[in-house]
Amino acid sequence: MSTEDSPENVTGPGKGRPPLALIAGPTASGKSDLAVRLALALQERGRKAVVVNADSAQVYADLAVLSARPTAEEMRGIEHRLFGAWDGAQACSAADWAQAAGREIGAIHQAGGVPILVGGTGLYIRTLLDGIAPIPPIDPEVRRSVRAMPLDEAYTALRSEDPTRAAALAPADASRIARALEVVRSTGRPISKWQAQRSGGIADRVDIHPAILLPEREALYERCDARFASMLGTGAIGEVEALLARDLAPDLPVMRAIGVPEIVGYLRSEWSLEEARMRGAQATRNYAKRQFTWLRHQPPQDWPRIASNHFDELELFKTLLQM
């Protein structure tokens, strides 16, 4: 997010813009519960609030358990949108989601409501607020070639062809390395050049009331472990069996979602259920670590970072609740 989108420019009462609450945090940080509590507090003040999903796994109908999508009981009567809105056979890109989220937010505002954006997918949030880079469609042959490369070979190639982007990425960040390499090879320009031309963001059209949840890491990792273990006993294996029965392409996002490859290995007798649990828990912790790092450094520094596990929504969103 650019410095123009810092809170002093996009937040604050009396600016004539409709409000947008934004709750971001790593997986298992408690953001979904906070979103519902905020919505209930707004409802008590006579204002309709709607929770809008900004999590790249929770968009898929096929991943109710593995994405920890809120249950009807957890929603507590609050309307939720863009949860399970995509079929797993259709990839949901950041641009796809941002367009849909922008429409939902606009409709909520038109109805006099307050949208509460909640999630931990930084690329989704950045694309919605800052806009979409006009990257042309990638040549299919280039994409196939890049996606077939071993990770270390792709990273070496990126260091040669787009050293600036390579320096900003971890050597194990397979998806972003592949994306940057396919962009520079297909378009002849590094991805940073395209991203500098972003357009269509909504940050300058809304009054953002943000909160970033960054609980203590070890406690967060323990919750990640416990939650994945619970998923295995509450329907996650059945979800993956259903995905395999559909014979979906293995490179679809739904097939690469955390927990899916780990359970696929178990179902194909490549490892034990205990090994699947350990692999899934580790993948969840790794993802939470990446989210934690992004959320600490990328959003505007004036956005509140909340380290406690207990959130007082009345104080945290005092300005919004008093509007």
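Each reported figure results from applying straightforward, stated rules to the coordinates on display, with no laboratory input. What you see is a predicted model; the values in this text were computed from it and never measured. Here the Cβ positions follow ideal geometry from the backbone for every residue, glycine too, while neighbour counts run over all protein chains shown.
Using R0 = 35 Å, the C-beta based FRET efficiency linking Thr234 and Ala196 works out to 0.20. Under the convention that each Lys and Arg Cβ holds +1 and each Asp and Glu Cβ holds -1, the size of the dipole of the chain around its Cα centre is about 580 debye.
With viscosity 1.306 mPa s and temperature 10 °C, the Kirkwood radius over alpha carbon pairs of the chain converts through Stokes-Einstein to a diffusion coefficient of 77 µm²/s. Largest first, the extents of the alpha carbon coordinates of the range 1-157 on the three principal axes equal 56, 38, 26 Å. Here the range 129-179 yields Rg over Rh of 1.00, to two decimals, using C-alpha coordinates and the Kirkwood radius.
For the range 49-116, averaging the sequence separation of C-alpha pairs within contact (under 8 Å, six or more residues apart) and dividing by the residue count gives a relative contact order of 45 percent. Near Gly25, the amide H atoms lying under 5 Å from its own belong to Gly119, Gly120, Leu213; only residues 5 or more places off or on other chains count, and H is placed 1.01 Å from N. Projection of the Cα convex hull of the range 101-209, averaged over all directions and equal to a quarter of that hull's surface, yields 8.0 nm². Compared with the direct C-alpha span, the chain from Lys289 to Glu153 gains 46.5 nm at full extension, assuming 0.36 nm per residue.
The three principal axes of the C-alpha atoms in the range 97-160 carry coordinate ranges of 52, 23, 18 Å, sorted with the longest axis first.
With only the Cα atoms considered, the range 192-301 has a convex hull volume of 175 Å³ per residue. What the phi angles of the range 117-130 give under the Karplus curve with 6.51, -1.76 and 1.60, with θ = phi - 60°, is a coupling list of 7, 9, x, x, 8, x, 5, 4, 4, 5, 5, 5, 7, 8 Hz, glycine and proline written as x.
When Lys31, Lys193 are sorted by how many other C-beta atoms sit within 10 angstrom of their C-beta, beginning with the fewest, the order is Lys193, Lys31.
Separation of the range 117-169 and the range 242-261, taken as the distance between their Cα centroids, equals 21 angstrom.
Largest first, the three principal axis extents of the alpha carbons in the range 68-132 are 33, 30, 19 Å in whole numbers. Close amide H pairs (under 5 Å, H built 1.01 Å from N) link Gly200 with Ile132, residues at least 5 positions away or on another chain. Write down the percent of antiparallel bridges among all DSSP beta bridges whose residues are both part of the chain, to the nearest 5. In the chain, DSSP labels about 10 percent of beta bridges as antiparallel. Relative contact order, whole percent, for the chain stands at 29, derived from Cα pairs under 8 Å and 6 or more residues apart.
Potential lengthening of the chain between Glu216 and Lys48 amounts to 57.2 nm, from the contour at 0.36 nm per residue minus the alpha-carbon distance. Annotation: amide H of Asp207 within the under-5 Å range of Leu20, sequence separation 5 or more or interchain, hydrogens built in the peptide plane.
Taking all Cα pairs closer than 8 Å and separated by 6 or more residues, the relative contact order of the range 218-323 comes to 27 percent. Per the Cα gyration tensor, the range 202-250 maps to an equivalent ellipsoid with semi-axes of 33, 23, 8 Å, ordered largest to smallest. Computed extension gain for Gln322 through Ser160, at 0.36 nm per residue and net of the alpha carbon distance, reaches 53.0 nm. According to the Kirkwood relation over distinct C-alpha pairs, the hydrodynamic radius of the range 228-268 is 10.3 Å.
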